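In what follows, a single structure is set out as structure tokens and then discussed.
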Amino acid sequence: MTEGAGGADTAGAGAAGSVIRVLIADDQLLVRRGLVLMLGPEPSVEVVGEAADGAQAVELAQRLRPDVIIMDIRMPVLDGIAATEQLTRQVPDCRVLALSTFDMDEHVVAALRAGACGFLPKDISPEELVTALHVVHTGEAVVAPRLLTRLISSYVTVPQRPATPAAGTGPTGVPDGLTPREREVWRLIAAGLDNTGIAAEMFVSPSTVKNHITALFAKLQVRDRAQAVIAAYEAGLVRAGERE
């Protein structure tokens, strides 16, 4: 286990909001050091620690309280998916940004289900990585909407619906209690539209879209767009190939 410069002594750094405190979790030392070098020149980011497996990542996150963890998916002892699931429960204020060697990887969907805010390929540029960290830090999903849609439509399987819908859901598995506007916003999110695109499609303002999304996420009990898209496919609201 390796702590970054300053270690636990920097636990309060960046609390004012100017610096994003980052923990890097990857079993390959060269990858970890490469990420440290990529982020080193960026004044808005501070690497506070490094972990060689998921268990170490969870332990360090509990102690150092980073803002964002860059999490490799495939690691020994505890993989990135299981580590993300633990962190979502134990350190909910910490955002997880998953790493994958392949853009289209079924394990990424599992990481998003577990609570990751998105994922990046390991060959990402330094500029893209810094931008992604800022996006994730604000609570948004960093996966490009249409890439996310293609990924989930490839790997999320819509379950067979019982003849009698479960309590609290409509006939297609869509939760009861959604307004028509919220349902349409959900469908458009799953189709890959950002807030501006949704506003144009529905002839409303972006601020109105944000209000609908806040209410929608609360009713779906999801925390970001990535999980909302997964929920839309699992509920049968949209299916693979729609609006492509």
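The values are calculated or read from the model by the stated rules, or taken from the named source; none is laboratory data. Just so it is clear, the structure is predicted and the values come from calculations on it, not from any experiment. Reconstructed Cβ throughout: ideal geometry from the backbone, glycine too, with neighbour counts over all protein chains shown. Side chains included, ligands, DNA and RNA excluded: accessible areas come from the protein's heavy atoms. Shrake-Rupley method; radii C 1.70, N 1.55, O 1.52, S 1.80 Å.
Data table
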{"item": "Of residues in region 34-52 being among the charged types (D, E, K, R) and at pLDDT 95 or above, the one least open to solvent (accessible area, probe 1.4 Å)", "result": "50"}
{"item": "Residues of region 95-110 that turn out to be modelled with pLDDT under 80 and either open to solvent by less than 10 Å² (accessible area, probe 1.4 Å) or touching a Phe, Trp or Tyr at 6+ places or on another chain (Cβ under 7 Å) (or both), as a count", "result": "5"}
{"item": "Close pairs (7 angstrom Cβ cut-off, 6 or more residues apart or separate chains): farther than 17 Å from residue 224 by Cα and free of Cβ contacts under 8 Å to residues at least 40 places away in the same chain in region 182-210, open to solvent by 50 Å² or more (accessible area, probe 1.4 Å) and of a type in the set (A, V, I, L, M, F, W, C) anywhere", "result": "none"}
{"item": "Residues of region 171-186 classified as open to solvent by less than 70 Å² (accessible area, probe 1.4 Å) and touching a helix residue (DSSP H, G or I) at 6+ places or on another chain (Cβ under 7 Å), total", "result": "10"}
{"item": "Residue check, residue 55 open to solvent by 50 Å² or more (accessible area, probe 1.4 Å) and either part of a loop (DSSP other than H, G, I, E, B) or modelled with pLDDT of 95 or more (or both)", "result": "no"}
{"item": "Residue, modelled with the highest pLDDT, within region 73-83, restricted to residues that are within 9 Å of residue 57 (Cβ to Cβ) and within 14 Å of the chain's Cα centre (by Cα)", "result": "83"}
{"item": "Number of positions in region 59-72 that are of a type in the set (Val, Ile, Thr) and surrounded by 24 or more Cβ atoms within 10 Å (Cβ to Cβ)", "result": "2"}
{"item": "Where a residue in region 27-54 is closer than 24 Å to residue 85 by Cα and its partner, wherever it lies, is assigned to a helix (DSSP H, G or I) and among the basic types (Lys, Arg), with Cβ under 7 Å and at least six apart", "result": "50/32"}
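Per-residue answers, yes or no, for (1) surrounded by 20 or more Cβ atoms within 10 Å (Cβ to Cβ); (2) at pLDDT 85 or above:
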site: 198; (1), (2): yes, yes
site: 214; (1), (2): no, yes
site: 232; (1), (2): yes, yes
site: 243; (1), (2): no, no
